[in-house]
Amino acid sequence: MTRTFKVLSALLSYPTAELQQAIGEMKSALEAEKLLPSAVQRALWTLLDEIESGDLYDMQERYVLLFDRTRSLSLHLFEHVHGESRDRGQAMIDLQNLYAEKGLAIGASELPDFVPLFLEFLATQPRAEAYELLGQPVHILAALAERLRKRDSSYEAVFRALVALANAKPKGEDVAAVLSAPDPDANDLAALDAAWEDEPVQFGPGAIDSCKDGLIARVRAGRRPAPGMPTGTHRPVLPQ
């Protein structure tokens, strides 16, 4: 069990009183494992202190503005590479299959690409394998860190920590591709409406995939709490 992943998962979850009360234990876990560079750990301390001592309602409002209302900061990995395309449905199945192969069963209401859930899974895996899996979406994590940096958000530290732990470093062109997507301010309601605007309903080939992915987007927006490989294939199950 790698407790550092569990701490990072908890920090990306919706703030609760229970989370505030667990901050001391989370700090102890990070200090005991010593997996993070000192500069990254110091930045994480800022976020930990904010959550521990801040007003809970303020913390919850900040979380919603960042991760629920801002599509470009979505905590669902496949949002940043597949959007609402039909490829997203297969990617979800692949990732859920990996969880099942490793003994992790998730609820019907949970989307497998939710970052806190993904980190909970990594916490249960051998550390080398966890670092390898984390390296697959590292460019997405780096892009999210950069978007949070521009917002002067202390949540940036969580994604910097994940990039530091991954066994692969993000390629500049891959990060730039993610950052090229629209990134509206959470208070710009017109821009947010445009970013979340539904695509026209389609009939015929691909219609089922389109409807399914649209439903996934709605489930994502309303949820609170984060690779399977079909027989004979060896493709990555997380976005490259």
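The values are calculated or read from the model by the stated rules, or taken from the named source; none is laboratory data. Note that the coordinates shown come from a computational prediction; the quantities given were computed from them, not determined experimentally. Counting neighbours? That spans all protein chains shown, and the Cβs are built from the backbone with ideal geometry, glycine included.
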All but one of (1) crowded, with 18+ Cβ neighbours inside 10 Å; (2) more than 30 Å from Gln20 (Cα to Cα); (3) modelled with pLDDT of 95 or more hold for His82; which doesn't?
(3)
Please go through (1) buried (at least 18 other Cβ atoms within 10 Å of the Cβ); (2) within 30 Å of Ala91 (Cβ to Cβ) for Ile51 and return the number of the only condition it doesn't satisfy.
(2)
Hits in the stretch 50-73 (condition: modelled with pLDDT of 95 or more and not in a helix (DSSP H, G or I)):
Gly54, Asp55
Does the stretch 130-140 include one or more residues that are at pLDDT below 95, small (Gly, Ala, Ser) and surrounded by fewer than 22 Cβ atoms within 10 Å (Cβ to Cβ)?
no
Where in the stretch 81-164 are there helices (runs of 4 or more DSSP H), lying wholly inside it, with at least 2 residues that are of a type in the set (Val, Ile, Thr)?
138-150
Can you give me the number of residues within the stretch 176-187 that are more than 15 Å from the chain's Cα centre (by Cα) and buried (at least 17 other Cβ atoms within 10 Å of the Cβ)?
4
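Conditions (1) farther than 23 Å from Leu47 by Cβ; (2) of a type in the set (Gly, Ala, Ser); (3) within 16 Å of the chain's Cα centre (by Cα), marked per residue:
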residue	(1), (2), (3)
Ala100	yes, yes, no
Glu120	no, no, yes
Pro126	yes, no, no
Leu144	no, no, yes
Asp152	no, no, no
Arg160	no, no, yes
Leu165	no, no, yes
Lys171	yes, no, no
Among the residues of the stretch 43-75, write down those that are among the charged types (D, E, K, R) and more than 26 Å from Ala164 (Cα to Cα).
Asp55, Asp58, Glu61, Arg69
Could you list, in sequence order, the residues of the stretch 112-129 that are in contact with a Lys or Arg (Cβ under 6 Å, 6 or more places away or on another chain) and surrounded by 19 or more Cβ atoms within 10 Å (Cβ to Cβ)?
none
Mind checking whether some residue in the stretch 20-28 is crowded, with 18+ Cβ neighbours inside 10 Å and more than 17 Å from Arg160 (Cβ to Cβ)?
yes
Verdict on Leu19 being under 14 Å from Glu156 (Cβ atoms) and out of contact with any Gly (no Cβ under 8 Å at 6 or more places or on another chain)
no
